[in-house]
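Quick note: the coordinates plus some simple rules give every number you see, no bench work behind them. Every value quoted in this text rests on a predicted model; they were computed, and no experiment measured them. With ideal geometry, Cβ positions are generated from the backbone for all residues, glycine too; neighbour counts draw on all protein chains shown.
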Amino acid sequence: MSHPQHPTKILIVDDHPLVREGLTMRLSRHPDLQVCGEAAAEEEALAFIEQNVPDLVLVDISLKGGNGIELVKKIRVRHPQVKTLVISGFDESLYAERVLRAGALGYLNKQESNEKLLEAIHTVLAGQRFVSEAIAQRLLGQALGDADPTKSPIDRLSDRELQIFRMIGEGLATSVIAERLFISTHTIDTHRENIKHKLGIGHGGELTRVAVQWVLENG
């Protein structure tokens, strides 16, 4: 397969420098792919995209001062021509569908091989969706109206509720969560109530316990 005259420009958005460096090294071996920039936070990534307009953005879900899913949504609205592929270590059964709904064209687990990474990138660049076979079968089953026994109560949470649920499980206080998400503590309290209702949890102490246990089990 011949390489295009101009390499595909890729922005890597991840809050871990070693991960960004590792991805850059893996992609540098391929002349048709060029890492044109790196970012650790949502606003940093948006500013770079505004100035440089890469062809593809590789996005982690957990970012400094932001969230990868929210970043994907903003890229879709502000720069619809820029394609996004989420690369994360989080459970794909919970996040793959969310990132697709947000506007990403694919989800890849960080533990996958270099061959899988290249397959995902080229699939997304072709305008097609990339997910694991398990997720593809699950999405097909849902489209056909099949019941999904793998669905957990956590799937009922909105993207924002899931983000706050994870932060509660990481031991962050309401005031800290509010500060990091740039929203009021009252809004956080409202989200906490909605989370408790959706998960059938009676009080705040139980919510914290369930959230901590979930983070320990899911990373």
Quick check: the angle from helix 68-78's long axis to the longest principal axis of the chain, C-alpha only, nearest 10 degrees? 60 degrees
Once you keep just the Cα pairs under 8 angstrom separated by 6 or more residues, what percentage relative contact order results for segment 153-218? 45 percent
Give me the net charge for the shell around His6: Cβ to Cβ below 14 angstrom, other residues only, Lys and Arg +1, Asp and Glu -1. -1
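Taking the Cβ of Leu18 as the centre, find all other residues whose Cβ is under 15 Å away and add up their charges (Lys, Arg: +1; Asp, Glu: -1).
Once all neighbours under 15 Å are counted, the net charge is -1.
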Are there GluC sites (Glu not before Pro) in segment 52-112 that DSSP marks as loop and that have at most 16 other Cβ atoms within 10 Å, and which are they? Glu112
With each run of n ≥ 4 DSSP H residues scored as -39500 (n - 2.57), what mean residue ellipticity at 222 nm is computed for the chain after dividing by its residue count and rounding to the nearest 500 deg cm²/dmol? -16500 deg cm²/dmol
Skipping prolines and chain starts, which residues have an amide H placed within reach, meaning under 5 Å, of the one on Thr84, given they are 5 or more residues away or on another chain? Val57, Leu105
